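Reviewing the structure listed below.
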Amino acid sequence: VQAVSFFSFWAPRVPLNEDIVPIEEFDPGETARLYTRESGMGLETGDAVKTGQRLAPDLVSPVTGTVAQIEPFNGIDGQTLTSIALDVAAEEEMAEGLESVTDFSDDARDALLSTLSDLGFNVNLGSDVDAAVISCVDTDPLHTVNQQTFRESANTLPDAISLLKALTGAKRVLVAITRQLQGLARRHVDGHAEMLLLDAFYPNGLPEVILRKASRKYAGMDSGLVVGVERLFAMVTALKDGKPIQDKLVTLSVPSAGLCKTLRVRIGTRIGDVLDAHEVTLGENSKLVTGGAMRGIPCYSTDFAVTPETDSICVQDETRVVEHRNTPCLNCGKCSAVCPMDLRVNLICRYSEYALFDECQKMDVDDCIECGLCAYACTARRPLIHYLKLAKAELAKKTEE
Amino acid sequence: MKKPDLVVSYAPHWHCGSSIASTMYGFLLALAPAALFGIYLYGIDAARVIALAVVCCVVSEALIQRIFKQPVTVGDGSAVLSGLLLALILPPNAPFWLVMVGSLMSMLVGKHVYGGLGSNPFNAVLVGWAILKISWKAQMDFNLVFAGYDLPMVMKYPLGVLWKQGASGLGEFSMFDLFVGKEVGGIGCSSDLLLLLGGVSLILMGEISWRIPVCFLLGIALTSSVFWLADSGRYASPLFHVLAGNAMIGAFFLAPDYSSSPVGKWAMMLFGFGCGSIAVLLRVWSAYPDGTFFAILLMNIMSPLLDMLKARRQAHSVVTV
């Protein structure tokens, strides 16, 4: 499904997946592995855990079971985490004190926030925003979770709009939608939100890009909040049922096997188990990526578990793995032409290559959203995202000092 | 069982599939019609110049890279493209040594002393051409070199006629002839139609932006209209200026050269417009009938300055839940 465009109008365009990929239930296994940023939570091996029980300040158990193992763990992106392995019990037992909320009115904000936190949603609203956007557009060409969620449960939209209004207090709620799903959205919006029509091309589903488009349409919009429809609908369902977040929609994409599925996977499921169930074998020098083709993070092992942030699992065989090269820049300018933030990527990356990070700062490198389009389009196949991340990291280091 | 080793190279995990070689071959393909038309017009003479220039460029690039202890990259097709472009702007009866010197100078002085592909501040092909033009005036003078040819068209260089006699001498040239290729000049510069076709296909393939060529031609048209409106007896019409001489090959193939042209959107437009305007000014006031290539070389100097132009909206503060 690798998009190769020869006849493009200057910029190679990467279409989003608009196919109907029905959500399938994935049969969960008997273990679950959870991650937390905290350490020493007073939990010990052998402890019984109930569904919805708080295990750490940032972690609520999605299952009932016993703690099998607690160990320090290096996350996919190198963060220091603690991994908690649970043996799942056959009978589910709910933790006490969980309650359902059906009042999504504006005065219920505090109650909603505390209940959401109890249900395992780490909602960080930050300061007040001019607009809140519900994005039904996927954040990666591989992902299907947002569009498929909206396709299958669009009737949750009115509740979701009320919830978002109550949580953020934003005067304006927008629904970011592609042309294909526009009609469906219009039927359910019911005048409570405005529509923001987006082309079904990457990176139109990324929050920064959505807000840029929105601010072009509506004057005086300086800050905004973007939430994916899948996550927001999960909040609505959890609040109504009084049940913690237990599963996550994940797109499984294995181009070499022609496999593309939207799966409902229990949080904590080992990625290797998902692959085994679909008879996907990893060959030598293949690549396992979570989080999409453009911004995803490669995994060095199949033992990682699905987290509430895992939107996709993709396996590339050896022939599809992209090889970056250290050839000098041609200055063809395709990187700058595709940049959704209008950065001078060609200049920034050359400055970064020669450690002229102050020049990168003058060129607004901090606005880079690492969408990956520049490196996708690079004629010389330079590792542009590496250069951009390097410049940002070095500048951040400097600011700290 | 040993687990397979997984690749963990960083995002993005897709690539559009283009490469330096595919880009260069795209350019070659776009130039092919004009080159073939040149061979059709001038026969074996033109084929000889093209073949010699391409071979000389490739060989000199390989030698230079070997001497400079750089990896030899002639396989990427950029030297082939330089050779072809140089041949297309030379007269068909250029002596072999002229072609060889031009190719060597393009590769050495134009490209590799600066560090090779992507690092040259001037269009490498035009550097080689300028050295020839200044050093061997007689062999490079389109008013003289076509004396031995007899083709079914006006055997005078249109811009040479304009330079000597003013617009009053242009009566024998029809605009249609200039457009389809009944015009003497560089091997590949005759047919504006085929160059336009190649150039537009490059834009559609995404290899070059429309901004430089369009603004280049606009610059020529607007600047020449100023003169034309002032005195149409002495100065040629904008249409003539766009169709005659090296305007078309300059606009689509030489000005958008990657490393010597800017990348910013406004920078590209200013660059193109500047090239076009200066080209007309040089045609009117300089010692050369066609100043298009010198205009491009002059604007190459401006390119880094233009790229410092900054006009973008600041990013918004974004919150994600």
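How big is the gap, in Å, between the Cα center of the stretch B:149-219 and the Cα center of the stretch B:251-280?
Value for the Cα centre distance between the two parts: 18 Å.
Between A:Asp107 and A:Glu30, what is the label-point separation in nm under the 7 Å Cα-to-beta-carbon projection?
5.2 nm
As a test, work out the antiparallel percent of DSSP beta bridges whose residues both lie in the protein assembly as shown, rounded to the nearest 5. Could you put the intermediate results ahead of the total?
Numbers: 37 of 63 bridges.
Bridges in the protein assembly as shown are about 60 percent antiparallel.
Take the alpha-carbon centre of the stretch A:25-94, take the same for the stretch B:1-76, and report the distance between them in whole Å.
Spelled out, the Cα-based centre of one part sits 55 Å from the other.
Farthest toward the dipole's positive end in the protein assembly as shown, which of A:Thr237, B:Phe142, A:Tyr376, given Cβ charges of +1 (Lys, Arg) and -1 (Asp, Glu) about the Cα centre?
Positive-most Cα among the choices belongs to B:Phe142.
Mind running the shape call on the stretch A:98-253? Use the C-alpha gyration tensor, a ≥ b ≥ c as the square roots of the eigenvalues: rounded below 1.5 for a/c, prolate if a/b tops b/c, oblate otherwise. Display every interim value, and only then the final one.
Numbers: a/c = 1.63, a/b = 1.23, b/c = 1.33.
Cα axes put the stretch A:98-253 in the oblate bin.
Under a Cβ-only charge scheme (Lys and Arg +1, Asp and Glu -1), can you give me the dipole magnitude of the protein assembly as shown about the Cα centre, in debye to the nearest 20? Show your work: numbers first, answer last.
On the way: 57 positive and 73 negative charges, 699 e Å.
My answer is approximately 3360 debye.
Along the Cα→Cβ direction, 7 angstrom out, place labels at A:Phe201 and B:Lys310. What is the inter-label distance in nm?
Simple spin-label model gives 2.7 nm for this pair.
Quick one: check the C-alpha center-to-center distance for the stretch A:255-300 versus the stretch A:341-365, whole angstrom.
34 Å
Once the Cβ-Cβ distance between B:Leu204 and A:Leu125 is put in as r, and R0 is 45 Å, what FRET efficiency do you end up with, to the nearest 0.05? The partial results should precede the final answer.
Details: r = 46 Å, r/R0 = 1.03.
With R0 = 45 Å, the Cβ-Cβ based efficiency is 0.45.
Measure up A:Lys217/A:Lys392; A:Lys362/A:Lys397; B:Lys137/B:Lys164 against 21 Å on the Cα-Cα distance and list the ones that go over.
On the way: A:Lys217/A:Lys392 30 Å; A:Lys362/A:Lys397 16 Å; B:Lys137/B:Lys164 17 Å.
Violating the 21 Å Cα-Cα cut-off are A:Lys217/A:Lys392.
Go ahead and estimate [θ] at 222 nm for chain A from helices alone: -39,500 (n - 2.57) per DSSP H run with n ≥ 4, summed, over the residue count, rounded to 500.
Working: 12 runs with 111 residues, N = 401.
Result for chain A: -8000 deg cm²/dmol, rounded to the nearest 500.
Please work out the FRET efficiency for the pair B:Ala62 and A:Lys217, using the Cβ-Cβ distance as r and a Förster radius of 56 Å; give the result to the nearest 0.05.
Values: r = 55 Å, r/R0 = 0.98.
Calculated value: 0.55.
Using the alpha carbons of chain B, what is the convex hull volume per residue in cubic angstrom, as a whole number? Could the numbers behind the result be given before it?
On the way: hull volume 57.5 nm³, N = 321.
It comes to 179 Å³ per residue, whole-number rounded.
Taking chain A as a Gaussian network, Cα atoms linked when under 10 Å apart, which of A:Gln147, A:Gln182, A:Gln361 shows the biggest mean-square fluctuation?
Result: A:Gln361 has the largest fluctuation of those listed.
To the nearest 20 Debye, how big is the dipole of chain A about its Cα centre, given +1 on the beta carbon of each Lys and Arg and -1 on that of each Asp and Glu? Provide the component values of the computation, followed by the final result.
Details: 39 positive and 58 negative charges, 381 e Å.
Rounded to the nearest 20 debye, it is 1840 debye.
Sum up the charges of everything whose Cβ sits under 11 Å from the Cβ of A:Gln147, counting Lys and Arg as +1 and Asp and Glu as -1, but leave A:Gln147 out. Before the final figure, lay out the partial values.
On the way: positive: A:Arg151; negative: A:Glu18, A:Asp19, A:Asp138, A:Glu152, A:Glu230.
After counting each charged neighbour, the total is -4.
Suppose every Lys and Arg Cβ carries +1 and every Asp and Glu Cβ carries -1, with no other charges. What dipole size does chain B come out with about its Cα centre, to the nearest 20 debye? Walk me through the intermediate numbers first.
Numbers: 18 positive and 15 negative charges, 173 e Å.
Its charge dipole is roughly 840 debye.
Using Cβ counts within 10 Å as a stand-in for footprinting exposure, how do B:Lys69, A:Lys392 rank, fewest first?
Working: B:Lys69 6, A:Lys392 18.
Lowest to highest Cβ neighbour count: B:Lys69, A:Lys392.
Could you go through the stretch A:54-66 in sequence order and give the Karplus-derived ³J(HN,Hα) for each residue, using 6.51 cos²θ - 1.76 cosθ + 1.60 with θ = phi - 60°, rounded to whole Hz, and x for Gly and Pro?
So the Karplus estimates, Gly and Pro as x, are 6, 9, 7, x, 10, 9, 10, 5, x, 9, 9, x, 10 Hz.
Mind running the shape call on the stretch B:201-260? Use the C-alpha gyration tensor, a ≥ b ≥ c as the square roots of the eigenvalues: rounded below 1.5 for a/c, prolate if a/b tops b/c, oblate otherwise.
Numbers: a/c = 2.94, a/b = 2.77, b/c = 1.06.
Cα axes put the stretch B:201-260 in the prolate bin.
I want to verify a result. In a Gaussian network model of chain A, Cα cutoff 10 Å, which of these has the top mean-square fluctuation: A:Asp140, A:Asp247, A:Asp342?
Among A:Asp140, A:Asp247, A:Asp342, the largest GNM mean-square fluctuation belongs to A:Asp342.
For every helix of n ≥ 4 consecutive DSSP H residues, a contribution of -39,500 (n - 2.57) applies; sum these over chain B, divide by its total residues, and give [θ] at 222 nm rounded to the nearest 500 deg cm²/dmol.
Numbers: 13 runs with 174 residues, N = 321.
Mean residue ellipticity, 222 nm, calculated: -17500 deg cm²/dmol.
Take chain A, connect every pair of alpha-carbon atoms lying under 10 Å apart with a spring to form a Gaussian network, then pick out the residue of A:Gly52, A:Gly75, A:Gly220 with the largest mean-square fluctuation.
Between A:Gly52, A:Gly75, A:Gly220, it is A:Gly220 that shows the largest mean-square fluctuation.
How big is D for chain A, in µm² s⁻¹ as a whole number, if Stokes-Einstein is applied with the Kirkwood radius of its Cα pairs at 37 °C and 0.692 mPa s?
Details: Rh = 22.6 Å.
The estimated diffusion coefficient comes to 145 µm²/s.
Semi-axes of the equivalent ellipsoid of the protein assembly as shown: what are they in whole Å, largest first, if each equals the square root of 5 times a C-alpha gyration tensor eigenvalue?
Numbers: eigenvalues 748, 150, 85 Å².
For the protein assembly as shown, the ellipsoid semi-axes come out as 61, 27, 21 Å.
Between B:Leu36 and A:Glu96, what is the FRET efficiency for a Förster distance of 60 Å, r being their Cβ-Cβ separation, to the nearest 0.05? Present the calculation step by step, with values, prior to reporting the outcome.
Values: r = 84 Å, r/R0 = 1.39.
In this case the efficiency is close to 0.10.
What list do you get for B:Trp228, B:Trp136, B:Trp266, B:Trp14 if you sort them by fewest beta carbons within 10 Å?
B:Trp266, B:Trp136, B:Trp228, B:Trp14
Describe numerically, in nm with one decimal, the distance between label points set 7 Å from Cα along Cα→Cβ at B:Val72 and at B:Ser9.
2.6 nm
Every read-out reported here was derived from the displayed coordinates using simple, explicitly stated rules and does not represent laboratory data. Values in this document were obtained by computation on a predicted structure and should not be read as measured data. As a convention, Cβ positions derive from the backbone with ideal geometry for all residues, glycine included, and neighbour counts pool all protein chains shown.
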